Amino acid sequence: MAKIYDNKYEFIEEIGQGGFGRVFKAKEKISNRFVAIKELKDADLEKQKFIIHELKTISQFHRERIVAYFNHFHEGGRLFLVMEYCLKGNLREYTKIQKLPPQSVVSIIESIAREFHFIHSKKVIHRDIKPDNLLISDTNQVKIADFGIANMLNGTTAYMSPEALSYDSKYFNDPRIDIYALGVTMLELLTGKNPFFYRSKAQIFELHDKGEFSIENLSQWQQEIIIKAIHKVPELRFQTMNEFAEAISARHTPFVLNFDILKAGEIAAKAEALLGKKKWIKTIGLLDHGEKKYPNSIKIAKLKADYYLRTNKVELARNYYEKAFKLNSRINIQKELGSIYLEEKEYPRAISMLSDHLYKEPADLEAYNLLLKSYYETGRYEAGMDLAEMILQEYSGHPCFCNNHLICNIMQGKGSELTRNTFEYSTDNPFVHYNLDLFTEKKLSHNYLGSPPIKSKLLFMDYRFENICAGDLQLVDHDVAELTTDLEECYIISIGRKSYMQNKIQVSDSTSISRRHCVIINQKDDYWLIDLGSTGTYLNSERIDGIAQLIGVNEIKVGNINIQITTDKEKLI
């Protein structure tokens, strides 16, 4: 004798099982209509209440393309949901028996997208769209099922968008996770395969990065729509289900002018021009304004990262590069990340990033110079000289590679000799002049065998100083320092103990001041203070680690002596 549920539903047959429980066909005794009853495994009362609430919410819309919810009851602590029975089952099972022609697939996806546009307008998100949850009625109408249950399960991995896979609650109510899932469903129904099945989260991310979705046999417009619908970055997907449906209807993914992107681009262009002119304060002010108005602009995020990298604020630079990468994983920032890793002394990662970048951009001299710096910092002086010589064969006399070849040469000879005499080092280059002066000095400011080592006093020439032009640096307080020359004639201003004539600014003969304490790179609109492994160099009360930028009026402290300097002669104290 057939089992009777809730005193009114006669069991007919089981028609499916899943992570939620099982589904069976039953006949309602009073009306004789067939219904589908879902028996849920989970006995958690709070979850059961949530599912019932979701179903009641969606059922009040009375939509033809949503599987109707009739009733619910409890038996043995289990929740049973009484739903509309769809004669032809779900799309997954249906397509195993009968493959749908492409025109039918796109028609189904378009109609489902339009239905979801309405559903999303009511602030309802499904969160588990897939062929299993699209049912077919006896009239061949495709209907959406499993509202509420899908929410409880949080989705199926192969249909979950990359941001949903993070299980971050801020994406829980984002309709673009449904757009992604419907895009994957379209891909699967058209190709017969889901490339994300049996893949880990990391592997799914990798497939997105490579763009390997096995859709090359589809028509061009279908490929374009799928790629946009399942884009890794939510902001680059269709933003509404209506956009998705309209693209299918038009057989084309239109370029939609986003005025926010346009306005953000205008701000970014102005900021980029200011950054190129080294207008540091105006640049960051404009970028802060742009970010506040357009927080999801890739260009603004990338420019802020560039700004912070160029002003040696490495941690902030990393944060903004990571933000730009999240917004668009295909953005090429390997060189910039290599530079950050270099500053953070993560040399193997720096070399890996820079090598990968140079494989793509083999003419990028700045990246070669960063790679050379990685060799120099890790004591691979021969490799540094080999790299410099390779570049100098093509770019004879290039200032950065001449200087950096020299300092590798000095270090390879342990500071007391040059091991290679392949060419003359031109002293027209201020960095070469400084380093040769250090190498040949009679009254030593370093110790060949002890401390401080000569390497702490040598200057590597960064690419930003390739075309160095003397700036307008002004010494404000003349009472505590003795100038040996006019600062406006100096590209590199060394500061250190009195009686060491190589110093352009000499202060005190106390041992609290290093013999060569620090230097200032006096480049127009781009001034830098570099500590030379000293007893401590302070800029505006903060001890610097290596290098710091000078903007406007600054107070430099060496030992117990304060020196006031300005980079703008119109702002004299």
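The values are calculated or read from the model by the stated rules, or taken from the named source; none is laboratory data. The model shown is predicted, which means the values in this text are computed figures rather than measured ones. Neighbour counts are summed over all protein chains in view; Cβ atoms, including those assigned to glycine, are modelled from backbone coordinates with ideal geometry. Protein only, heavy atoms only, side chains kept; ligands, DNA and RNA dropped before computing areas. Shrake-Rupley method; radii C 1.70, N 1.55, O 1.52, S 1.80 Å.
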Per-region count, region 132-168, residues at positive phi, modelled with pLDDT under 85 and surrounded by fewer than 18 Cβ atoms within 10 Å (Cβ to Cβ): 2
Qualifying residues in region 1-15 (those that are surrounded by fewer than 18 Cβ atoms within 10 Å (Cβ to Cβ) and in contact (Cβ under 8 Å) with a residue 40 or more places away in the chain) - the one farthest from residue 75 (Cα to Cα): 15
Leading residue by the ranking (surrounded by the most Cβ atoms within 10 Å (Cβ to Cβ)) among those in region 251-307 that are among the hydroxyl-bearing types (Ser, Thr, Tyr) and part of a loop (DSSP other than H, G, I, E, B): 297
Region 56-95, residues that are open to solvent by 70 Å² or more (accessible area, probe 1.4 Å) and assigned to a strand (DSSP E or B): 70, 74, 78
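Given the structure, is residue 508 open to solvent by 10 Å² or more (accessible area, probe 1.4 Å), within 24 Å of residue 546 (Cβ to Cβ) and either under 44 Å from the mean Cα position of the chain (by Cα) or small (Gly, Ala, Ser) (or both)?
yes
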Test set (1) farther than 22 Å from residue 106 by Cβ; (2) part of a loop (DSSP other than H, G, I, E, B); (3) among the hydrophobic types (A, V, I, L, M, F, W, C) - residue 205 fails condition number: (2)
Any hit, region 416-430, residues being crowded, with 16+ Cβ neighbours inside 10 Å and under 29 Å from residue 552 (Cα atoms): yes
Residues of region 101-120 satisfying the condition of being of a type in the set (Phe, Trp, Tyr) and open to solvent by less than 10 Å² (accessible area, probe 1.4 Å): 116
So residue 556, is it farther than 23 Å from residue 432 by Cβ and not in a helix (DSSP H, G or I): yes
Any hit, region 507-526, residues being in contact with a helix residue (DSSP H, G or I) (Cβ under 7 Å, 6 or more places away or on another chain) and part of a loop (DSSP other than H, G, I, E, B): no
Cβ-Cβ under 9 Å pairs, at least 6 apart or on other chains, region 311-325 side farther than 22 Å from residue 528 by Cβ and touching a residue at least 12 places away in the same chain (Cβ under 8 Å), far side open to solvent by 80 Å² or more (accessible area, probe 1.4 Å) and of a type in the set (Ser, Thr, Tyr): none
Residue that is farther than 27 Å from residue 368 by Cα, open to solvent by less than 40 Å² (accessible area, probe 1.4 Å) and assigned to a loop (DSSP other than H, G, I, E, B), where the choices are 494, 534: 534
Test: residue in region 478-486 that is open to solvent by 20 Å² or more (accessible area, probe 1.4 Å), at pLDDT 90 or above and assigned to a loop (DSSP other than H, G, I, E, B): no
Residue list for region 36-49, restricted to those being surrounded by 15 or more Cβ atoms within 10 Å (Cβ to Cβ) and either under 23 Å from residue 12 (Cβ atoms) or not basic (Lys, Arg) (or both): 36, 37, 38, 39, 40, 42, 48
Looking only at region 434-447, and only at residues there that are touching a residue at least 12 places away in the same chain (Cβ under 8 Å) and closer than 28 Å to residue 469 by Cα, the one that is most open to solvent (accessible area, probe 1.4 Å): 437
Residue 98 modelled with pLDDT under 90 and surrounded by fewer than 16 Cβ atoms within 10 Å (Cβ to Cβ): yes
Evaluation of residue 123 against (1) open to solvent by less than 30 Å² (accessible area, probe 1.4 Å); (2) within 21 Å of residue 56 (Cα to Cα); (3) out of contact with any Cys (no Cβ under 8 Å at 6 or more places or on another chain); (4) not in a helix (DSSP H, G or I) (one fails), failing number: (1)
Given (1) in a loop (DSSP other than H, G, I, E, B); (2) among the hydroxyl-bearing types (Ser, Thr, Tyr); (3) surrounded by 12 or more Cβ atoms within 10 Å (Cβ to Cβ), index of the condition residue 451 fails: (3)
Hits in region 215-237 (condition: touching a Lys or Arg at 6+ places or on another chain (Cβ under 8 Å), at pLDDT 90 or above and not in a helix (DSSP H, G or I)): 230
